[in-house]
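Below is one structure, written out as structure tokens, with a few remarks after it.
The values are calculated or read from the model by the stated rules, or taken from the named source; none is laboratory data. Model, not experiment: these values are computed from the prediction. No Cβ is skipped: glycine too gets one built from the backbone with ideal geometry, and neighbour counts run over all protein chains shown. Side chains are part of the model used for accessible areas, which takes the heavy atoms of the whole protein and leaves out ligands, DNA and RNA. Shrake-Rupley method; radii C 1.70, N 1.55, O 1.52, S 1.80 Å.
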Amino acid sequence: MATTRGFTGRRIGTESARRLPPGQYLTHDFPVLSKGPAPTIDLAHWSFTISHGPRPLARWSWEELQALPHSRWAGDIHCVTQWSKFDTEWQGVWIDDLLAAAGLTPPTGFALALSYDDYDTNVPVPDLLGGRAMVATHFGGAPLAPEHGGPARLLVPHLYLWKSAKWLRGLRFTERDEAGFWELRGYHMYGDPWRQQRYSDDP
Ligand SMILES: Nc1nc2c(c(=O)[nH]1)N[C@H]1C(S)=C(S)[C@@H](COP(=O)(O)O)O[C@H]1N2
Ligand SMILES: [Mo]
């Protein structure tokens, strides 16, 4: 069998095949993957904090976040469990715009995204800048569903989706590249889907 088939059994064209990273299949669903139940988050108590190690540098309430410029990103997302989803549409605030609003320059080269369910994941700072990462509040034109990380999640679509921390509560700049929840459990420190960086011993 030389035809290219997704697990859905659908034959995919060359354009789709070109957009599909190695080892991935195309899905039209949006599977939910979480280490535990979605935390209950009251918007009145929601906040997002940027810190340098233990030191807070800036903090936004939900209302304050709404006042920042919102942007749209559309494109493909890739999960390490091998599904990819094309043409997803998100809205939120670029990390660039958060930093600019706070008058901040990143103090280190690495960061940990921190979540309300005690999940965390590391991302190098350059990968968070230049319109490559946002605090996403909307998916497909609607407020982000709780199971997908609502009210707000990190979106770093050029890396495997475990880097896109759901139920985001902060971003901590760290001196070194510190492993997060899945990175401590054998997953790759960077996670580029095009290089199939799934597990820690992948190059
Ligand atoms: N806070 C938090 N973020 C998380 C997770 C989690 O358990 N907690 N799971 C990660 C994993 S392993 C994946 S694959 C994606 C799944 O996102 P989805 O459920 O919206 O598909 O979220 C990531 N972000
Ligand atoms: Mo995952």
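Which trypsin sites (Lys or Arg not before Pro) does the range 166-203 hold that lie in a coil by DSSP with at most 14 other beta carbons within 10 Å?
On the way: sites: Lys166, Arg169, Arg172, Arg176, Arg185, Arg195, Arg198; in loops: Lys166, Arg176, Arg198.
Filter output for the range 166-203: Arg176.
Rounded to the nearest 20, the size of the Cβ-charge dipole of the chain about its Cα centre is 480 debye, with Lys and Arg at +1 and Asp and Glu at -1.
Rounded to the nearest 20, the Cβ-based charge dipole of the range 30-150 about its Cα centre (Lys and Arg +1, Asp and Glu -1) stands at 180 debye.
In the chain, what is the volume of the convex hull around the alpha carbon atoms, normalised per residue and reported in Å³? If you can, show how the numbers build up before the last one.
Values: hull volume 25.6 nm³, N = 203.
Hull volume normalised by residue count: 126 Å³.
By average Cβ neighbour count within 10 Å, what is the ranking of 131-141, 94-104 from highest down?
In descending order of packing, they fall as 131-141, 94-104.
Of Ile41, Ile50, the residue with the largest accessible area leads and the full order is Ile41, Ile50 (1.4 Å probe). Normalised size of the range 65-170, defined as Cα radius of gyration per 2.2 N^0.38 Å with N residues, equals 1.00.
Any chance you could tell me what percent of the C-alpha pair distances in the range 36-92 go past 17 Å? Counting pairs separated by more than 17 Å, the tail of P(r) holds 64 percent. In terms of its C-alpha gyration tensor, the range 1-115 comes out prolate, because a/c is 1.5 or above and the ratio a/b outweighs b/c.
Please label the shape of the range 118-167 as rounded, prolate or oblate, based on the square roots a ≥ b ≥ c of the eigenvalues of the alpha-carbon gyration tensor (a/c under 1.5 means rounded; beyond that, a/b larger than b/c means prolate, else oblate).
Oblate shape, in that a/c is at least 1.5 and b/c is the bigger or equal ratio.
Residues Asp192, Asp201, Asp29, sorted by accessible area with the largest first, give Asp201, Asp29, Asp192 [1.4 Å probe; ligands and nucleic acids excluded].
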